[in-house]
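Participant: Take a look at this one; I'll ask things after.
The values are calculated or read from the model by the stated rules, or taken from the named source; none is laboratory data. It should be emphasised that the depicted structure is a prediction, and the values quoted were computed from it without experimental measurement. Note: ideal-geometry Cβ built from the backbone for every residue, glycine included; neighbour counts use all protein chains shown.
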């Protein structure tokens, strides 16, 4: 009984992403636009290249797993910052260098 339960759990884990993506695709087929958001906390010893690289990885995962059409990014904020206050300070240096990003949380578009 225990092995059967473990096998069922493993099957659910393996099947999760395809089922999720199928659901997202159904929403897109109905005309919905998938919008993703990612943010990066500022680290004391992190340079802008590291920040850019890590944000790029997050953006790619959103596009790959969640099939997002647009991605907005906060390059340097705390998770406790209210969303309306994110990117009030100019973080466009990092954001402008990112590929496949549509803008920041203040509605500033990149491309």
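Participant: Identify the residue in the stretch 40-82 that is outside any helix (DSSP H, G or I) and modelled with pLDDT of 85 or more and, among all such residues, is surrounded by the fewest Cβ atoms within 10 Å (Cβ to Cβ).
Facilitator: Selected residue: 69.
Participant: Right, here's the next one. Could you check, for the stretch 2-12, whether at least one of its residues is on the phi < 0 side of the Ramachandran plot, assigned to a loop (DSSP other than H, G, I, E, B), modelled with pLDDT under 90 and surrounded by fewer than 11 Cβ atoms within 10 Å (Cβ to Cβ)? Can you show your working first?
Facilitator: Quick first cut of the stretch 2-12, residues on the phi < 0 side of the Ramachandran plot only: 2-12.
This time we only want the ones that are assigned to a loop (DSSP other than H, G, I, E, B), so: none.
There is no residue in the stretch 2-12 that is on the phi < 0 side of the Ramachandran plot, assigned to a loop (DSSP other than H, G, I, E, B), modelled with pLDDT under 90 and surrounded by fewer than 11 Cβ atoms within 10 Å (Cβ to Cβ).
Participant: Select from the stretch 22-39 the residues that are under 22 Å from residue 99 (Cβ atoms) and surrounded by 11 or more Cβ atoms within 10 Å (Cβ to Cβ) and list them in ascending order.
Facilitator: Residues satisfying the conditions are 24, 28, 34, 35, 36, 37, 38, 39.
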